[in-house]
Amino acid sequence: MAEFLQIEGVSKSFGPFQAVRDVTLSVAQGEIFSLLGGSGCGKTTLLRMLAGFEEPTSGRIFLDGRDMAGVPPWSRPVHMMFQSYALFPHMTVEANIGYGLKHETLSKTQRAERVREMLDLVQLTPFAARKPHQISGGQRQRVALARALARQPKLLLLDEPLAALDKKLREHTQFELMSIQARTGVTFIVVTHDQEEAMTLSDRIAVMDRGQVQQIGSPTEIYEYPVNRFVASFIGSITSFEAEVMARDGGALRLKVPAFGGEVTTKDANFAPGSKVTLALRPEKLVITKERPSGNAVQGVVKDLAYFGKDSLYRITLASGALVQAHAVNQHRGTETQRVADWDDQVWLSFDPAAAIVLGA
Ligand SMILES: Nc1ncnc2c1ncn2[C@@H]1O[C@H](COP(=O)(O)OP(=O)(O)OP(=O)(O)O)[C@@H](O)[C@H]1O
Ligand SMILES: [Mg+2]
C-alpha cells in the first residue's frame, strides 16, 4: 500500500511544554487509523497539525506526497470533525449537510445531488427536513459525518467522534462508521481514549503516552504483543509480576516468579538468563480449576467475584498475597452452583506458556 500520510519526526511545543514528541508514523490510503491515549497525551494537538490549525515546532508532514509545511487548512484535502459536532440548530439536516459545500464551486443541481448522496450514505433521507433537536444523538453524529464527507476530503480527522453517545448507541455507531468508511474509501484518523472503540474501529492503532507514540500495530498486535508495560496495562486489564529469567531453551523461557508460586515456563524468548523481566497475564488467559492442572499453576483463594451474565471476573489471592484477575465464560446456564468457583473457594490458576506476555522490567 502506498503511504498516503507520512508524519516524520513531528514535535510540538507550547512554550517550554512539549505536547507532541518526535512522532513518526505513516497511514495508508483507505485505512482507519486510531490515535489512542489518555487525556492530555497530545492526540488533538497531532490532529490539529494534520489539519493545518497548528504548525509543527519540528518535523514534517506529507500528504499524498506533498509537503504540508505552510499549507493553510483550507488548501489541504483534509477535513477535521470536532468533538462537538457544531450542527446549526436552526437549519434542517439537509441544510446542515449542504453547508459544508458553501465554498465549493458547484452548481445548484450538483450541490443538491451531493447532499442527496450524503443523506443516502448515512441513511438519513427520511429525516432531511428535521432540525438537529428533532433527531437522536446517533443521528446527529451521522449528520456531522455527512457534512464532513460532502466535501470529499481525502483525509478525514475525527476527534472523539462518538464520545457524546451512550454505550449502546456508541457500539452501534462504530459499525456504521466502519461501513461508511468502507463505502467511501476515505482515509480516517480517529482520536479516542476508549480502547475498545479503537480495537473495534481500527485497521491500526498508535498508542500514545505523554506526547510520544509507544506502539503502532493492528488491534491484535497491540493487545497480544504489547512492547512495554505502558501499552500492556493501557490496553485491557493485566496482572504483572516481577520475574527473573532462569534459563532459555529454544523458544521457551524458564522464569522465576516468586509471587506466582515459584517457576513458570513461557514462550517469549528475547531475554537472556539473569534478566529482570515482567510477567504479564491477561484475565482471559488464566484458567480456573478446582483440581491441580499440569504445567504453570498456582493455588489461590477466590476473594471477589463479579457476575456479568455472559462471563464472570474473579479476583484471586495467591499465597504470596498477590491479587490476580481471572476471567471465565459462563458456558452453562444455571445458578451459583454452576459457577467454576465461589467466594472463598480454594482454586488453581494456570496458563499456557504461549499465553503469557514477557516484558522488560
Ligand atoms: N494551545 C496550547 N497551549 C498550551 N498548552 C496546550 C495547548 N494545546 C494543548 N496544550 C497542552 O498539550 C497537551 C496535549 O493536549 P491535547 O489537547 O493534544 O491532548 P489530548 O490527548 O487531545 O487530550 P484529551 O483526551 O483530554 O482531549 C495537554 O497537556 C494540553 O494542556
Ligand atoms: Mg483531545
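Bear in mind these aren't lab numbers, they're just calculated from the coordinates by the rules spelled out. If you're wondering where the values come from, they're calculated on a predicted model, not measured in any experiment. Every residue, glycine among them, receives a Cβ derived from its backbone with ideal geometry; neighbour counts consider all protein chains shown.
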| How large is ³J(HN,Hα), in whole Hz, for each residue of segment 286-292 in order, when computed from phi with the Karplus curve 6.51 cos²θ - 1.76 cosθ + 1.60 and θ = phi - 60°, using x for Gly and Pro? | 8, 9, 9, 9, 7, 8, 5
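Show me the ranking of peptides 53-60, 137-144, 232-239 by mean Cβ neighbours inside 10 Å, starting with the highest.
Numbers: 53-60: 15.2, 137-144: 21.4, 232-239: 18.5.
Top of the packing list down: 137-144, 232-239, 53-60.
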| How would you rank 211-219, 42-50, highest first, on the average number of other Cβ atoms within 10 Å across their residues? | 42-50, 211-219
| request: Give me the aspartates and glutamates in straight-line cross-link reach of Lys108: C-alpha distance below 12 Å, same-chain residues under 8 apart excluded. | output: none
| message | Please enumerate, by chain and number, the lysines with C-alpha under 27 Å from the C-alpha of Lys167, excluding those fewer than 8 residues away in the same chain. | response | Lys43, Lys131, Lys285, Lys310
| Asn330's amide H: which non-local residues (gap 5+, or another chain) put their own amide H closer than 5 Å, with H modeled 1.01 Å from N in plane and none for Pro or chain starts? | Asp311, Ser312
| Separation of segment 151-191 and segment 260-327 by C-alpha centroid, Å? | 37
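For the chain, what is the mean residue ellipticity at 222 nm derived from helices alone (per DSSP H run of n ≥ 4: -39500 (n - 2.57); sum divided by total residues; nearest 500 deg cm²/dmol)?
Counting only the DSSP helices, I get -6500 deg cm²/dmol.
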| request: Starting with the fewest neighbours, write out Ser39, Ser202, Ser34 ranked by other beta-carbon atoms found within 10 Å of each beta-carbon. | output: Ser39, Ser202, Ser34
| note | If one compares the long axis through the Cα atoms of helix 108-121 with the longest principal axis of the Cα atoms of the chain, the angle in degrees, nearest 10, works out at 20
| task | Treating the angle as unsigned and between 0 and 90°, give the value, to the nearest 10°, between the Cα long axis of helix 167-184 and the longest Cα principal axis of the chain. | result | 60
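Order these peptides, 258-265, 289-296, 126-133, 92-99, by their mean beta-carbon neighbour count within 10 angstrom, highest first. Numbers along the way, then the final one.
Values: 258-265: 18.1, 289-296: 11.8, 126-133: 14.1, 92-99: 21.5.
Peptide ranking by packing, descending: 92-99, 258-265, 126-133, 289-296.
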| request: Report, in whole Å, the centroid distance computed from the Cα atoms of segment 200-253 and segment 2-74. | output: 24
| query | Taking θ as phi - 60°, what are the ³J(HN,Hα) couplings along segment 152-159 by the Karplus curve (6.51, -1.76, 1.60), each to the nearest whole Hz, with x for Gly and Pro? | reply | 6, x, 7, 10, 10, 9, 10, 9
| How long is the chain along each principal axis, judged by its Cα atoms, biggest number first, in Å? | 75, 51, 37
| task | For segment 209-225, take each phi angle, set θ = phi - 60°, evaluate the Karplus expression 6.51 cos²θ - 1.76 cosθ + 1.60, and give the result in whole Hz per residue in order, putting x for glycine and proline. | result | 8, 6, x, 10, 7, 8, 7, 10, x, 5, x, 5, 4, 5, 7, 8, 10
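Rounded to the nearest 5, what % of the DSSP beta bridges within the chain are antiparallel ones? Write down the numbers at each step before the final one.
Working: 63 of 82 bridges.
Percent antiparallel among DSSP bridges in the chain is about 75.
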| note | In degrees rounded to 10, the 0-90 angle between helix 137-150 Cα long axis and the longest Cα principal axis of the chain is 60
